[in-house]
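Colleague: Structure incoming, see below.
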Amino acid sequence: MTKPQNALDAVEAALAAIDSEIAAKAAQDTIGGQLLYFRAHLEAIKDQIASGTVPPRGHRRSGMAHAIVDSWPIDSRLGATLLEAERRYLDL
């Protein structure tokens with residue numbers, strides 16, 4: 001499998017995981033803005049990869065990792081999934 005396809009698969013897995021978390025939190029009426037921001041960020045990444053318009057390495061937006069590592073529980077499965085998606089995107 002190619003690096004772009006691996007990155008796309010990781011982003012799609014992250015989107016599915018975040019959608020599941022958003023649905024669970026919607027039932028409790030506790031959706032946080034951070035989850036919605038991360039979802040929009042992942043959609044933009046997915047569009048870049050799918051269209052072949054990924055910016056050069058120094059111009060790729062990141063930042064999910066900093067927020068997750070700084071404020072999420074260390075054992076968060078969702079956090080690990082999002083970190084992997086961002087890592088694969090940045091490594092393209």
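Colleague: Restricting the first residue to the range 56-80 and requiring it to be exposed (fewer than 11 other Cβ atoms within 10 Å of the Cβ), which pairs with a second residue that is in a loop (DSSP other than H, G, I, E, B) and not β-branched (Val, Ile, Thr) meet a Cβ separation below 9 Å and a spacing of at least six or different chains?
Modeller: Listed by first residue and then by second, the contacts come to ARG57/ASP91; ARG57/LEU92.
Colleague: Sticking with this one: Name the residue that is nearest to ALA14 (Cα to Cα), counting only residues in the range 43-81 that are β-branched (Val, Ile, Thr) and touching a Pro at 6+ places or on another chain (Cβ under 9 Å).
Modeller: ILE49
Colleague: Of all residues in the range 60-92 being among the hydrophobic types (A, V, I, L, M, F, W, C), touching a helix residue (DSSP H, G or I) at 6+ places or on another chain (Cβ under 7 Å) and outside any helix (DSSP H, G or I), which is nearest to LEU42 (Cα to Cα)?
Modeller: Selected residue: LEU92.
Colleague: Let me ask you something else. Which residues, counting only those in the range 27-51, are surrounded by fewer than 14 Cβ atoms within 10 Å (Cβ to Cβ), modelled with pLDDT of 95 or more and touching a helix residue (DSSP H, G or I) at 6+ places or on another chain (Cβ under 8 Å)?
Modeller: GLU43, ALA50 - these are the residues of the range 27-51 that are surrounded by fewer than 14 Cβ atoms within 10 Å (Cβ to Cβ), modelled with pLDDT of 95 or more and touching a helix residue (DSSP H, G or I) at 6+ places or on another chain (Cβ under 8 Å).
Colleague: Looking only at the range 65-73, decide whether some residue is under 11 Å from the mean Cα position of the chain (by Cα), under 17 Å from PRO4 (Cα atoms) and among the small types (Gly, Ala, Ser).
Modeller: Within the range 65-73, not a single residue is under 11 Å from the mean Cα position of the chain (by Cα), under 17 Å from PRO4 (Cα atoms) and among the small types (Gly, Ala, Ser).
Colleague: Please tell me if ALA24 is free of Cβ contacts under 8 Å to residues at least 12 places away in the same chain, out of contact with any Ser or Thr (no Cβ under 6 Å at 6 or more places or on another chain) and either within 13 Å of GLU86 (Cα to Cα) or loosely packed, with under 13 Cβ neighbours inside 10 Å (or both).
Modeller: Yes; evaluated as a whole, the condition is true for this residue.
Colleague: Those residues that are in a helix (DSSP H, G or I) and more than 16 Å from LEU82 (Cβ to Cβ), I need them from the range 1-21; list them, please.
Modeller: LYS3, PRO4, GLN5
The values are calculated or read from the model by the stated rules, or taken from the named source; none is laboratory data. Quantities reported herein were computed from a predicted structural model and do not represent experimental measurements. Backbone-built Cβ (ideal geometry, glycine too); neighbour counts: all protein chains shown.
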